[in-house]
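The values are calculated or read from the model by the stated rules, or taken from the named source; none is laboratory data. This is a predicted model, so every value here is computed, not measured. We place every Cβ from the backbone using ideal geometry, glycine too, and count neighbours over all the protein chains shown. All accessible areas refer to the heavy atoms of the entire protein, side chains included, with ligands and DNA or RNA removed. Shrake-Rupley method; radii C 1.70, N 1.55, O 1.52, S 1.80 Å.
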Amino acid sequence: MQTQTSVESNVQQAVPFFLVHDIEASVRFYVDGLGFSLTKKWVDEGKLRWCWLELGEAALMLQEFWRDGPHTSVPATTVGLGVSIAFTCRDAIAIYRNLIARGVDATRPMVGNGMWVTHVVDPDGYQLFFESVTDAPEESLFTEHG
């Protein structure tokens, strides 16, 4: 029996799907705070239930937990705990500056694993890391004036 060792992939993109407690608050955070664009949405009985957000070539989906009916799904624990997404970008420091200018609480960039890294935590506790390659020494901390 022969096995095929090379298969052409039809996969194009991995898209995180975050279940959230308050989709309106999450959309404000991602769109107004982080600069994502809301590009697709599902509205049911006048309520936003699901959406697709994009920033550059990255995307993510949000859906609010169902609070009643046959699809009730509200968890008893914090949902974002232990979940993180790393966005690779051209310039994490520029992203940091933009986040701070928008009033988002972003960590001061530091170098880890050869990348500048800044991160934020969304309203449900999901951690979002923005990273860009650098040749700065490991554990360097970003300062505005050198």
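Numbers below:
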read-out: Residue within segment 38-53 that is touching a helix residue (DSSP H, G or I) at 6+ places or on another chain (Cβ under 7 Å), open to solvent by 40 Å² or more (accessible area, probe 1.4 Å) and at pLDDT 85 or above present; value: yes
read-out: Subset of segment 92-137 (residues that are in contact with a strand residue (DSSP E or B) (Cβ under 8 Å, 6 or more places away or on another chain), farther than 26 Å from Met61 by Cβ and either assigned to a loop (DSSP other than H, G, I, E, B) or among the β-branched types (Val, Ile, Thr) (or both)); value: Ile93, Arg108, Pro109, Val111, Gly114, Val133, Thr134, Ala136, Pro137
read-out: Output for segment 14-37, where each listed residue is open to solvent by less than 30 Å² (accessible area, probe 1.4 Å) and either closer than 19 Å to Phe130 by Cβ or without any contact (Cβ under 8 Å) to a residue 40 or more places away in the chain (or both); value: Pro16, Phe18, Ser26, Val27, Tyr30, Gly33, Leu34, Gly35, Phe36
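Here's the yes/no breakdown for (1) surrounded by fewer than 16 Cβ atoms within 10 Å (Cβ to Cβ); (2) within 17 Å of the chain's Cα centre (by Cα); (3) in contact (Cβ under 8 Å) with a residue 60 or more places away in the chain:
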{"site": "Leu81", "(1), (2), (3)": "yes, yes, no"}
{"site": "Ile85", "(1), (2), (3)": "no, yes, yes"}
{"site": "Thr88", "(1), (2), (3)": "yes, yes, no"}
{"site": "Ile93", "(1), (2), (3)": "no, yes, no"}
{"site": "Ile100", "(1), (2), (3)": "yes, yes, no"}
{"site": "Val120", "(1), (2), (3)": "no, yes, yes"}
{"site": "Glu131", "(1), (2), (3)": "no, yes, no"}
